[in-house]
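The values are calculated or read from the model by the stated rules, or taken from the named source; none is laboratory data. No experiment lies behind these values; they were computed from the predicted model shown. So basically every Cβ, Gly included, is an ideal-geometry build from the backbone, and we count neighbours across all protein chains shown.
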Amino acid sequence: MTRGISDPIRRGEDIGAMVTITLTCGGQAGAGYAATSDISTSGLARAGKEALDWARLSAGHLVAAPKPRATARHHEQISVPAVPWDSVSSAGKLDRLHQLARNLKRDDRITHWQTNLFFTDEETVFAGSGGDFIREGRSIIVPGIEASASATGETQTRTLGRGGMIRQGGLEQLDELEFWNAGERIAEEALELLAAPNCPCVVTDLLLAPDQMYIQIHESIGHPLELDRILGDERNYAGTSFVTLDMFGSYQYGSPLLNVTFDPDIPGEAADYAFDDNGDRAERSHLIRDGILLRALGGASSQARANTPGVANARACNWNRPPIDRMANINIEPGGCSFDELVAQIEDGIFMQTNTSWSIDDSRNKFQFGCERGVLIKNGKFGAVVKNPNYRGVSADFWRSLKALGNAATVRVLGTPTCGKGEPNQAIRVGHATPPGLFSSVQIFGGA
Amino acid sequence: MREHFFRLSEHAGQMLSNGEGFLARYSGERSRFVRFNRAAIRQSGTVEQHYLTVELFRGRKHVSERLTITGGPDDEKRLEASVLYLREMLASALGDPHFLVNQQVQSTEHNAVDLLPASQVAIPAILNAVGGTDFVGFYAAGPIHHGFSNSFGQRNWSTVHSFSVDGCFYLHADKAVKLSYSGTHWDEKQFAAKLAAAKTQMEFLDRPAKTIPPGGYRVFMASAAVEEILGILGWGGFSLAAHRTATTPLLRLARGEAALSPLVTLNENIGAGLAPNFQDEGFLKPATVSLISHGRYKECLTSPRSAEEFQAAQNGANADESPLALEMAPGDLPESEILRALGTGLLIGNLWYLNFSDRNACRLTGMTRFATFWVENGEIAAPVNVMRFDDSIYRMLGGNLVALTAARDWRLSTDSYESRSSASMHIPGALIEDLRLTL
């Protein structure tokens, strides 16, 4: 629904398969894949022949020989949403979106407003010549709200989490994300920002809301811990990592408050799955415990190459892309403070909400983030709202400056539907559950 | 697949009821992908994909569905099922006052000749060329097809064949030199020249790295770095909808409250690129759209939808109103004079991870990446450790733009999210004064 007019309803059906063949040819290992939208027997046979050609061509030239599978796995699990997408008619959903859009356009200064819902039913099957058969099904819902206010050459935008709202499940997730009731608040906050002063340029305490924390986790913990980056696969595209293999087990990644988990078992979180796309069982693991770096984000193939433990995170975004090491659900475990207690301990600082800009170097160290809304904090109390709040820092220092985390009641289950990586490129769904976090001595600044 | 798509289009036409019309779009590719790390193959394979989008309309009501197709006889059944579903959805769809389709038949055909090398030739050639180095990168090659048809009888088709070798040679840690070679036919001499240039830069990269403090620096940005800056301006910078809703980052330029350097002229020149010359509602793209002329805003890219909403003339833009074949006018700085003209400052080969730090001021932040060198008195002195910049377009391409190079690079997009991109840019390098580095 864009500026009060219903965009055309779009549906898509995407069916295909990827055949991967590994072989030993003259004592040398080879591997190749072929993906096709033709999943008939003859179509798969053609793909198999093509994959075989690639396996032969690559024999003797591989970075590493493929890891043979130990045992066959069998698993079938199709998750059904509590409130299925089709339980409400298209007309019914359009009516509610219209109502939401009307709440956004509450002032002439609102120049752009949009509401949208994306829903996907996904089914994947992993089958192998060794007897594997793993079938999983899930539903994904991604809601969006956006309002831009403009006056005297200045435009400010507020959103519902700007792309950070993604859940497994159905329409029931929208209530928990406060989707249907968020329109008035989002529009009013966009208007409020128009009159707000710029964020000051100081070094101060920084309290990040979950809808900014998630991207901070994503860019400066998730990506640096990906094992394929550490092994160099991504150096030409998504980048390398400041993390090296010798750091696991001893490196002080953050303050002792920092506990980060790979957790594929959080209901509703975007990357809730039982097996990865390499057929390996996914289980909860601590990546960072009490601030110490423990484990990499690497699937079986990368683990074998690096000779280091990892997790089951070899994932493909679709049938037409090969699995690579991806984030899945990468979460920060809660601390002990209520939200009020977090604010109360800030003598001089700022609260920043909702990511709007993200940038980090290719080693995942020097970062700069911008947020939609900032609120100054003085002596434990909220003060003025400020616009264009930005902050910058270095990953290795930033997480060590973590001085408080919200408790379990403050945790929000968020994520992103479009984490980009890989050659050919892949945009994949990842989840991040996180409380708000308080950091000391951070460089903040505003616009213009 | 061309004949198959047009047969499906005929079949769709036969299924229409009174008052219905359709638009059909096809996109497909058969891509050969090889990923390299440490001068060996990390992953290799083929992806063959075919997508058919059918949009059914009656009056101003319209709904669409995208399907995977195979080229086989089952596709007709999928199409029939889709039309039935769309007809049912049409009943509950709302009238769309911004729906506009081309009703004047403008059929076009572009079928490029396949001059690409076979994988059995290209892959050994790359492996031989990079042997003994720490090369990491990606080879992509093959045909990209786009088709359009509608119930008015229009038929459009575009086939291009392109390849790209997008990689880099690493010396140590994050110190690397980029190798970018792309085009529509493989030229061994050109590839060898690119390799030789990269290896020359590697010699400079081996010197002790310099860490520079934040501050203002005179810089030369190679065309790959300028491509990143122009690329982010495509996020709403040239969109009519973004202009009319005041959400464009170039709002001050569009309103005449700010100007860029008279050296800056930007056109969307569809004929100079690989992207098809037709868009999703069947309108043809004009040969050229003047976006910025000598630093002043000229035209926006206008989709049919925006044209209806804002009472403007459409100019063949797709729904996102982003350029697909951007060209920047060259300047007069000869390549041989770049280092002398730079004098003392930074030679920036690539930028990375750009984003807006203040959209109203069109202020951007991003990182240097790969080969960036400190130059003293016209001589390369040392590689530079990565630095963050944070500066406004109105400074970088405004008063602080000193010169553009006379030569331009044709840079084919290497993006392959969902499908291989057919976007490209013709871009010069830029000499810029007082670039703000912050971290």
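Among residues belonging to region A:134-143 that are crowded, with 20+ Cβ neighbours inside 10 Å and over 16 Å from A:A328 (Cα atoms), point out the one that is nearest to the other protein chains (Cβ to nearest Cβ). Residue satisfying both the conditions and the ranking: A:V142. Can you confirm whether region A:63-70 contains a residue that is exposed (fewer than 14 other Cβ atoms within 10 Å of the Cβ) and touching a strand residue (DSSP E or B) at 6+ places or on another chain (Cβ under 6 Å)? Within region A:63-70, none of the residues are exposed (fewer than 14 other Cβ atoms within 10 Å of the Cβ) and touching a strand residue (DSSP E or B) at 6+ places or on another chain (Cβ under 6 Å). Of all residues in region B:255-283, those satisfying the criterion of being over 22 Å from B:G429 (Cα atoms), surrounded by fewer than 21 Cβ atoms within 10 Å (Cβ to Cβ) and over 19 Å from the mean Cα position of the chain (by Cα) are B:R255, B:G256, B:E257, B:A258.
Among residues belonging to region B:1-40 that are among the hydroxyl-bearing types (S, T, Y) and under 28 Å from the mean Cα position of the chain (by Cα), point out the one that is surrounded by the fewest Cβ atoms within 10 Å (Cβ to Cβ). My answer is B:S27. So how many residues does region A:358-385 have that are surrounded by fewer than 22 Cβ atoms within 10 Å (Cβ to Cβ) and either more than 9 Å from chain B (Cβ to nearest Cβ) or touching a Cys at 6+ places or on another chain (Cβ under 9 Å) (or both)? Number satisfying all stated conditions: 10. Consider only pairs whose beta carbons are under 9 Å apart and that are at least six residues apart or on different chains; among these, list those whose first residue lies in region A:172-184 and is without any contact (Cβ under 8 Å) to a residue 24 or more places away in the chain and closer than 18 Å to A:P81 by Cβ and whose second residue is of a type in the set (F, W, Y) and not in a loop (DSSP other than H, G, I, E, B). The qualifying pairs do not exist here. Summed over region A:5-36, residues that are of a type in the set (S, T, Y) and in contact (Cβ under 8 Å) with a residue 60 or more places away in the chain total 3. Looking only at residues in region B:41-55 that are facing chain A (nearest Cβ under 7 Å) and more than 25 Å from the chain's Cα centre (by Cα), the one that is farthest from A:A17 (Cα to Cα) is B:I41. Being within 14 Å of another protein chain (Cβ to nearest Cβ) and either touching an Asp or Glu at 6+ places or on another chain (Cβ under 7 Å) or more than 30 Å from A:S148 (Cα to Cα) (or both) is true for just one of B:T372, B:T344, B:T288. Which residue is that? The match here is B:T372. Looking at B:H185, B:H145, just one residue is in contact with a Ser or Thr (Cβ under 6 Å, 6 or more places away or on another chain), closer than 26 Å to B:L116 by Cβ and in contact (Cβ under 8 Å) with a residue 40 or more places away in the chain, and that residue is B:H145. Filtering region B:56-81 to residues that are of a type in the set (G, A, S) and either more than 8 Å from every other protein chain (Cβ to nearest Cβ) or over 29 Å from B:S416 (Cα atoms) (or both) leaves B:G59, B:A81.
Only one of the listed residues (A:E122, A:E178, A:E146) is within 25 Å of A:G12 (Cα to Cα) and either in the same structural domain as A:P323 (by TED's automatic domain parsing) or surrounded by fewer than 19 Cβ atoms within 10 Å (Cβ to Cβ) (or both). That residue is A:E122. Condition first: of a type outside the set (V, I, T), in a helix (DSSP H, G or I), surrounded by 21 or more Cβ atoms within 10 Å (Cβ to Cβ) and in contact with a Cys (Cβ under 9 Å, 6 or more places away or on another chain). Can you find one or more residues in region B:218-226 that meet it? No, there is no match, as no residue in region B:218-226 is of a type outside the set (V, I, T), in a helix (DSSP H, G or I), surrounded by 21 or more Cβ atoms within 10 Å (Cβ to Cβ) and in contact with a Cys (Cβ under 9 Å, 6 or more places away or on another chain).
Within the option set A:N331, A:N355, A:N320, being of a type in the set (S, T, N, Q), at pLDDT 95 or above, buried (at least 23 other Cβ atoms within 10 Å of the Cβ) and part of a loop (DSSP other than H, G, I, E, B) holds for one residue only, A:N320.
When region A:300-326 is examined, which residues are found to be among the small types (G, A, S) and touching a helix residue (DSSP H, G or I) at 6+ places or on another chain (Cβ under 8 Å)? Listed by number, the residues that qualify are A:S302, A:A306, A:G310, A:A312, A:A314. The number of residues in region A:65-93 being over 28 Å from A:E269 (Cβ atoms), within 14 Å of another protein chain (Cβ to nearest Cβ), of a type in the set (A, V, I, L, M) and in contact (Cβ under 8 Å) with a residue 12 or more places away in the chain comes to 1.
Being within 12 Å of chain A (Cβ to nearest Cβ), surrounded by 15 or more Cβ atoms within 10 Å (Cβ to Cβ), part of a strand (DSSP E or B) and of a type outside the set (F, W, Y), is that true of even one residue in region B:142-156? Yes, region B:142-156 has at least one match.
Residues of region B:232-245 include at least one that is on the phi < 0 side of the Ramachandran plot, small (G, A, S), out of contact with any Asp or Glu (no Cβ under 8 Å at 6 or more places or on another chain) and modelled with pLDDT of 95 or more.
Being among the hydrophobic types (A, V, I, L, M, F, W, C) and not in a loop (DSSP other than H, G, I, E, B) is the filter; apply it to region A:149-175 and report the residue that is surrounded by the most Cβ atoms within 10 Å (Cβ to Cβ). Among them, the one singled out is A:A149.
Among the residues in region A:84-97, are any under 20 Å from A:E123 (Cβ atoms), surrounded by 15 or more Cβ atoms within 10 Å (Cβ to Cβ) and not assigned by TED's automatic domain parsing to the domain that holds A:D272? Yes, some residue in region A:84-97 is under 20 Å from A:E123 (Cβ atoms), surrounded by 15 or more Cβ atoms within 10 Å (Cβ to Cβ) and not assigned by TED's automatic domain parsing to the domain that holds A:D272. Looking across region A:48-64 at every residue that is aliphatic (A, V, I, L, M) and more than 8 Å from chain B (Cβ to nearest Cβ), the one that is farthest from B:R42 (Cα to Cα) is identified as A:L52. When each of A:D233, A:D211, A:D246 is tested for being acidic (D, E) and surrounded by fewer than 24 Cβ atoms within 10 Å (Cβ to Cβ), the lone residue that passes is A:D246. When region B:409-439 is filtered for residues that are over 13 Å from B:M396 (Cα atoms) and within 14 Å of chain A (Cβ to nearest Cβ), the ones remaining, listed by number, are B:S413, B:T414, B:D415, B:S416, B:Y417, B:E418, B:S419, B:R420, B:S421, B:A423, B:T438, B:L439.
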